[in-house]
Amino acid sequence: MLDPGWKTLIEECNVPPHKTIKGYLDHICSEVLEAYKESDFPKAYWDLDGKPEGFGPEMADIIILSLACCMHSGVDIQEALDRKLEYLRKKWA
């Protein structure tokens, strides 16, 4: 499901590592609030500095931070996704 190079992409973006998982979760929660605020703007738009804004870019922040958290804490996210999706296939069948 994930591109094999996702770890390299996270490293190249210089996502700042947090000292704890709770630090990542705090940051992710703040991005969820931003996504909620931007949910009326599902298409991305760019501010005057060229920064992408709107619901989509905020959701991207959540995914990027989640992947960085998994990478820095040693979680095999591919395995976790595979197992969770298999469970949900059965649950929602």
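The values are calculated or read from the model by the stated rules, or taken from the named source; none is laboratory data. Note that the structure is a prediction, hence the values are computed from the model and not measured. Cβ placement follows ideal geometry from the backbone for every residue including glycine, while neighbour counts extend to all protein chains displayed. Surface accessibility is based on the protein's heavy atoms, side chains included, excluding ligands, DNA and RNA. Shrake-Rupley method; radii C 1.70, N 1.55, O 1.52, S 1.80 Å.
Structural remarks
- Qualifying chymotrypsin sites (Phe, Trp or Tyr not before Pro) for the chain [loop in DSSP, other Cβ within 10 Å: at most 10]: W92
- Segment 39-58-segment 1-27 distance, computed between alpha-carbon centres (Å): 21 Å
- Shown for the chain: the carbon plus sulfur share of the solvent-accessible area, taken with all protein chains present and a 1.4 angstrom probe, equals 61%.
- Cleavage-rule hits, trypsin sites (Lys or Arg not before Pro), segment 1-88, DSSP coil, Cβ neighbours within 10 Å at most 15: K19, K43
- The residues of the chain present an accessible area of 77 Å² per residue when probed at 1.4 Å with all protein chains retained.
- Three-way shape call for segment 28-76 based on the alpha-carbon gyration tensor, with the a/c threshold at 1.5: prolate
- HN-Hα J in Hz across segment 50-57 - Karplus 6.51, -1.76, 1.60, θ = phi - 60°, x for Gly and Pro: x, 6, x, 10, x, 4, x, x
- Around the amide H of E53, modelled in the peptide plane, lie the amide H atoms of Y45, W46, D47, all under 5 Å away and 5 or more residues distant in sequence or on another chain.
- 3J(HN,Hα) along segment 58-67, derived from phi through the Karplus expression 6.51 cos²θ - 1.76 cosθ + 1.60 where θ = phi - 60°, amounts to 5, 5, 4, 4, 4, 5, 4, 5, 5, 5 Hz, with x in place of Gly and Pro.
- Highest mobility in the GNM of the chain, judged by mean-square fluctuation with C-alpha springs under 10 Å and restricted to L65, L25, L48, is found for L48.
- For the chain: rounded, prolate or oblate by the Cα gyration tensor [a/c cutoff 1.5]: oblate
- Size of charge dipole - the chain - debye, nearest 20, with Cβ of Lys, Arg +1 and Asp, Glu -1, no other charges: 540 debye
- Subtracting the Cα-Cα distance of S39 and R83 from 0.36 nm times their residue separation leaves 12.9 nm of extension gain.
- Among I21, A60, L85 - extreme Cα towards positive end, dipole of the chain, charges at beta-carbon: L85
- The modelled label-to-label distance for the pair I63/L48, using points 7 Å beyond Cα in the direction of Cβ, is 3.1 nm.
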